[in-house]
Amino acid sequence: MLIVLSGLALPSAAQAAPTQGTVEGATLDWGVRDSFRNYINMPFVHGDVQTLGSTTQTNPKRGPFTWTGGSGAAATDGSTADVSFGAGNGVHFLGHDLGGDGKYALDMRFTNPRIVVTSGTTAELYLDVRSRKFEGTTNVSDEFFEQNNVHFADVTLPSPTQNGSTLTWTNASTVLTEEGKVAFGGFYTAPVENLDPLTFSLPVTAAPDPETTTTSLSVAPEGDVEEGTEVTLTATVAPAAAGTVAFRNGDNALGEPVAVANGTATLKTSDLPVGDHSITAVFTPADATTHLGSTSDPVTVSVTETPDPDPVWEPKIEVFREDGTTPVGDTELSEGDKVVVKGSGFDPEGNIAQPGGRPPIPAGSPAGSYVVFGHFAENWQPSGGNGERNVGSQRWVLSEDALNQVPSNFQGAIRGQWVELSEEGEFTWEATLEEPQKLAEGGHYGIFTYGAGGVKNADQELEVPLNYKAAGSEPEPVWEPKIEVFAEDGVTPIGDADLEKGDKLVVRGSGFDPEANVGGRGVPIPNTLPQGTYVTFGHFAENWKPSAEVASSQRKIGSQGWVLTKDTLDQIPPNFKATVERQWVPLSDEGTFTWNVTLESPEALVQDGRFGIYTYPGGGVKNADQELAALLGDYTASPDVTKQPSAKTINEGESVSFEVTGKGVPAPSVQWQSKSGNADWADIQGATATKLDLANVSADKDGTQYRAVFTNEHGKAESAAATLTVEAAPVQPSDPTIEIEKNGSPVKQVKPGDTIDIEISDLKPQEKVFVEAHSDPIAIGSPVANAGGVATASWTVPASFPVGAHNIVVFAANGDAKGAELGRLPFAVAAAEPIGECRQVTSESLTWGVKQSFRNYVGGPIAHGNISVLGRTTQPDGGAFVWTKGAGKSALDGSAVDVAYGTGNGARFTGHQMGSDYALDLQFTNPRVVVTSATTARLHVDVAGRDFKDMTSVGERFETKDVHFADLALSAPATSGAKRTWTNAAATLTADGERAFGGFYEAGTELDPVSFDVTTGAQIDCDDAQGPGGGSGETPVDGGPGGGDNNGNGGGNTPGTGTGGDAGDQCVAREVTGGSLEWGLKASFREYVGGRIAKGQFSGGSFSVTGGAVNPNADGIGKVNYSGAITATGHGGLLNFKLSNPTVQITGPGSGVLHAHVSSTNTKGETVVNGEVAFANLSFSGGAVNGDTISVSGASATLTGAGATAFAGFYDAGTALDAVSFTANLGGEVPCDGSTDPGQLPKTGAEANAGLLALGAFAMLAGAAILGRRRQLLKQGC
């Protein structure tokens, strides 16, 4: 608190603040964030860490940073502080060098750290941040953002240690603020993001006690002041210290604080209201450590009211039409018409009657004023010439007080003509005009006022002339039409001056009878009304007049107005009035008009015609008197396009035409041009007519744009571009020849474990095919034919592949989706030979996290990726992965263990999404541990995914079995009976593992440790060893196909395992034979496409069944395939969206996923996706199957993540789409496949469990059918 005495402020000893001091030579140690520094140094980031200014780093590129020389202020006990470490001192992070020119996608500087201690336990960290805008790892932005003094982190302080006057806080924890997350480029987004702890030391030197001040206040002018007078307040501070003075009126501030200059501060104000005011001046020092504040003694300022000025009487009269608002102006008036006269500025106390004056006003009383309508001489004023005044209508203007002073015997007479005068000197007279008995020679009609009762007052002798016509005073008008043409100034005659398009002229007409030209066509003006007159600028023939029955083709109009009276315009029917009103030129009652015209070129010219201004009757009426012409000089105009070409869609080999029209003076030439892709526009040889015809158009013209260029000597005009879409003719399928070879020789029989080569010839060069092994389909590969039309694929026959007859089947490729079958070749599989004697082993679990830093990277802000568990694998608490129910074999003595954990069981890592695919896509399944000695083992895994090229492209798919991924170092196992358990065996990446890991880590890199157990069982034939169960889906499962049962029996077809159900069960589905699907996609999207912005077209929405199968006994799961398409185009062809051939995948009662082939571009014309997409999740009431039909009406549809991408970002994932209705007719029974077998299909939708996206981008491109085959492939252990 402050104790104030006579303007002097002293600190209260009872509440003394901590002693403040200055800080010099402070130090700060902080590493920003350890994981971020590690990320910068990862090999694929190609990053660098640079220190700036005086900042140092103990371990270059990896250790924390040290700042020295910090300065500021702090309390000596450390309870408050504000210390900065210098602009330009800091750290510079660089990463993702794209192009080697020194430009990095990640370019971030943190400088000038500032520590603000806010309490004994809290502080705030501020930074200056200058960074290149981060747009991802694939693009370098040219835009930088710069933010100074960013509140970057909140700091929790431990108790400081003190050494002399130096305070040190050690390892204070820091948490990134929301403002800091933004400044960090969005790299970290979790609710709580911990940064590295910081350590800082502050040497504090105590500051001297502040000096006291006094403040005095003076006011000018002194004494009382009138309201509105400017008052000057001057505060004087001694000693003269820097700071501000706040002037106060009692408890209220007067304006903003004023800076002290040379010991004084001044404020001027004229806003003080009437009354007494207690004014004080409060000084606040700029530096509270050097001076204390103070307050002046109050000064009283008294403000008095300003007296009202005497009124100034300035008489004035105005005359209005009967409505009281429209000035009468030159309106023609006659006897009986009504006008409203309004007066102001008439002194109610003026015109005092003099003694001896005439009655009825007594002497000494206001006599008022006369207000009259009449015919007065030019020198009519009583105070001057006193000329002749002949009155028609008259009233007496008096205040009511003045009227009450009139003797009672005159009251009645005056009240009969009384008009009341208000205290403000105003009156209103509603007058009916009466003809005077006679007229004054040389006089005029008007409204007049003058002093009453014989009083002369020149100020009130006023007049307003009126256009009054006495009955029978004027003859009928004579109408003699005439037009004159002037330049834009409306004064200079245009004569024969040269003109051009866009020039402005003024056309004035006179003598046009407002009531003439009645009759005509009757549309748009009824033929009972005057049809008015057309006034035009155009090119007319020499003989052009309608009255001479000349055809309208001899009159070519560029600009036109329609001359009509307002009365006629108001009588036009509403459905026509707007059309006429747009070209309306008002015609006065006197037959005059003015047309301000901007010259526009006619669409064509008349042979031997002339440019000019022409008038003739409207509505088809003929009136030779109004057929006038004012010929003009030479007129020229640059070209304009009057009809634009439109986009066309044709089939390959068809013909097409584009049409365009234009105008100009002289007539312009035409030249058609074309443009493909990013090439420049080029002339089309010989295409110089307004119509362009193209015959037998080839497919390479698809997307070509066409336009026409009009040219004359005054300029050129280019039409809009029209895009030609050419639909390619269907490609005839190949008829390939298929051969199987083993070790270079043709074979027709193979054994499990054999590696065979499959050669497909007679293909088209570069043709892609899909190769599968049937009966139970297994995908072998998707080779591409060489220049000779030959494609090859290799395949190792799985040990579990069934003995018997099979086929190699080749399918066409529709992009990345499997198409129609092209051919097949039978082959047979013979039984494998027995191997020998072993012992069966089982394993409860294997625990391995692959590599923790890799998991962090995938889930971090760079990769923006996901981690999915496959089959029955789990990931407790987001840590290491756990495989269960392993099985295998060992030597008879229990050594040389070989145990695996099941095909399809594992983990999948995806990141760097590129459309519907990922640049990073790896899955590790079926881990297999081979114990080779008491201290060594090998870890094998099946690896599948995409080749990792970089973060900007999607590599080819690959799948590699049984990769020797890591070497394990074993310690002695813990034993319990026949069970042995190895814990945290060190794992080191092998050379084969480095290649399978996409080059993310070098051979020799330490991976996460491996823990596993084995239990040795009975002696068996090695060929009868029971294998592990397989897995399916990307979420943990129990049982199910390949998932094993609760007794440890695995799935798949390995010996000793089942098929996922009872031995006698057979899954049966029913074929889909007919039906339809109706869907509008999204109403708001349709409105946008057809609206004013996109100006496009939307079509489609009805689809018909082409096939499929469902399982009525398993909640109707299955798929229904439909043909048809939804298309949307807009933005001149840049927006192009097509959704075709949808498939409804029913995944359970009331749920499903809608898949479709989608090709789309965004509003910039850039391709977004072209392939199969799981587009929407469906939800509906109850089961879909009813007897022999499926009928779902109004299923709700929500956009998936893949669908949002394919939708070019128009809507976010989860957006509600239009409801979907679909039907299907069910026919005969067919065997189950991957879509109808309840054991093979996940129960969740496309977003929750990735549904048909269980194998990521592969299924998105290949579709539901290939997914079913893929799951069966996994089940067989391939």
Review point. Under 5 Å between amide H atoms, partner at least 5 residues away or on a different chain: which partners does residue 337 have, H built in plane at 1.01 Å?
Key: 433
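Taking R0 as 45 Å, what's the FRET efficiency between residue 209 and residue 299 from their Cβ-Cβ distance, rounded to 0.05?
Step by step, r from the Cβ atoms, then E = 0.90.
Take the alpha carbon gyration tensor of the stretch 639-727, find the square roots of its eigenvalues, order them as a ≥ b ≥ c, and report rounded if a/c is under 1.5; if not, report prolate when a/b exceeds b/c, else oblate.
Details: a/c = 2.35, a/b = 2.00, b/c = 1.17.
Prolate.
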Revision key, fill the gap. Each label sits 7 Å from Cα toward the beta-carbon; between residue 549 and residue 238 the label points are separated, in nm, by 11.3 nm
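Determine the calculated [θ] at 222 nm for the chain from helices alone, applying -39500 (n - 2.57) to every DSSP H run no shorter than 4 residues and normalising by the residue count; nearest 500 deg cm²/dmol. Intermediate results must be reported in sequence, preceding the final value.
Values: 11 runs with 85 residues, N = 1278.
Helices in the chain give a 222 nm mean residue ellipticity of -2000 deg cm²/dmol.
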Point to revise | Whether the stretch 1101-1222 is rounded, prolate or oblate, judged on the alpha carbon gyration tensor where a/c under 1.5 counts as rounded | key: prolate
**Study point:** Projected label distance in nm at residue 956 and residue 437, using a 7 Å step from Cα toward the beta-carbon
**Key:** 12.3 nm
Review point. Using only the Cα atoms, what convex hull volume per residue in Å³ does the stretch 844-897 have?
Key: 97 Å³
Point to revise | Derived scalar couplings ³J(HN,Hα) [the stretch 619-636; Karplus, 6.51 cos²θ - 1.76 cosθ + 1.60; whole Hz; x for Gly, Pro] | key: x, x, 6, 10, 8, 4, 5, 9, 8, 10, 9, 10, 5, 10, x, 4, 10, 10
Review point. So if R0 is 25 Å, what FRET efficiency would residue 596 and residue 634 give, r being the distance between their Cβ atoms, rounded to the nearest 0.05?
Key: 0.70
Point to revise | Label-zone membership for the stretch 142-175, site residue 19, 7 angstrom Cα→C-beta point, backbone N under 19 Å | key: 160-168
Review point. Where the centroid of each part is defined by its Cα atoms, how far is the stretch 52-98 from the stretch 338-355 in Å?
Key: 87 Å
**Study point:** Net charge contributed by nearby residues that have their C-beta within less than 11 Å of residue 842 (K/R +1, D/E -1)
**Key:** +2
Practice item. Quick one: grab the alpha carbon gyration tensor of the stretch 838-1024, order the square roots of its eigenvalues as a ≥ b ≥ c, and give me rounded if a/c is under 1.5, else prolate or oblate depending on whether a/b is larger than b/c. Key: prolate
Review point. Excluding same-chain residues fewer than 8 positions from residue 181, which lysines have a Cα within less than 19 Å of its Cα?
Key: 133
Point to revise | Restraint check, 482/643; 566/643; 768/961; 748/949; 482/577; 545/663, Cα-Cα greater than 30 Å | key: 482/643; 566/643; 748/949
**Study point:** Kyte-Doolittle mean at least -0.5 and Cα axial length at least 15 Å: DSSP H helices in the chain
**Key:** 1257-1275
Review point. What is the spin-label model distance, in nm, from residue 58 to residue 1018 if the labels are put 7 Å beyond Cα along the C-beta direction?
Key: 6.4 nm
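What do you get when you divide the Cα radius of gyration of the chain by 2.2 N^0.38 Å, with N the number of residues?
1.47
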Review point. When the chain is fully extended, how far beyond the present Cα-Cα distance does residue 893 get from residue 1216, taking 0.36 nm per residue of separation?
Key: 110.0 nm
Check your understanding: Taking a quarter of the surface of the Cα convex hull of the stretch 20-206, what do you get in nm²?
Key -> 10.2 nm²
Revision key, fill the gap. Counting only DSSP loop positions in the stretch 261-325, the trypsin sites (Lys or Arg not before Pro) whose Cβ has at most 12 other Cβ atoms within 10 Å are none
Exercise for review: For a footprinting-style exposure proxy, rank 277, 151, 1157 by other Cβ within 10 Å, fewest first.
Suggested key: 151, 277, 1157
Check your understanding: So what's the net charge close to residue 1236: Lys and Arg +1, Asp and Glu -1, counting the other residues with Cβ under 10 Å from its Cβ?
Key -> 0
Review point. Hey, what do the phi angles of the stretch 195-200 turn into as Karplus ³J(HN,Hα) couplings, whole Hz, using 6.51/-1.76/1.60 and θ = phi - 60°, x for Gly and Pro?
Key: 9, 5, x, 10, 10, 9
Check your understanding: When the chain is fully extended, how far beyond the present Cα-Cα distance does residue 1188 get from residue 589, taking 0.36 nm per residue of separation?
Key -> 207.3 nm
Study note, to complete from the structure: In nanometres, the difference between 0.36 nm per residue of separation and the alpha-carbon distance of residue 227 and residue 646 is 143.4 nm
Practice item. Please sort by residue number the GluC sites (Glu not before Pro) in the stretch 710-778 whose DSSP state is loop and whose Cβ has at most 12 other Cβ atoms within 10 Å. Key: 713
Check your understanding: Give me the Kirkwood hydrodynamic radius of the stretch 141-184 in Å, from all C-alpha pairs, to one decimal place?
Key -> 13.0 Å
**Study point:** FRET efficiency, residue 165 to residue 349 (Cβ-Cβ, R0 56 Å, nearest 0.05)
**Key:** 0.05
Review point. Which residues in the stretch 407-425 have a backbone N closer than 20 Å to a point placed 7 Å from the Cα of residue 318 along the Cα-to-Cβ line?
Key: 420-425
Review point. Setting aside same-chain residues fewer than 8 positions from residue 438, which aspartates and glutamates have a Cα under 18 Å from its Cα?
Key: 335, 378, 388, 474
Exercise for review: For the stretch 609-684 and the stretch 375-394, write down the distance between their C-alpha centroids in whole Å.
Suggested key: 68 Å
Study note, to complete from the structure: When 661, 304, 212 are ranked with the fewest other C-beta atoms within 10 Å first, the list becomes 304, 212, 661
Check your understanding: residue 970's amide H: which non-local residues (gap 5+, or another chain) put their own amide H closer than 5 Å, with H modeled 1.01 Å from N in plane and none for Pro or chain starts?
Key -> 936, 937
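All of the numbers you see were taken from the coordinates with simple rules; none came from a lab. Remember, it's a predicted structure, so these values are computed and weren't measured experimentally. Please note: Cβ atoms are built from the backbone with ideal geometry, for glycine as well, and neighbour counts cover all protein chains shown.
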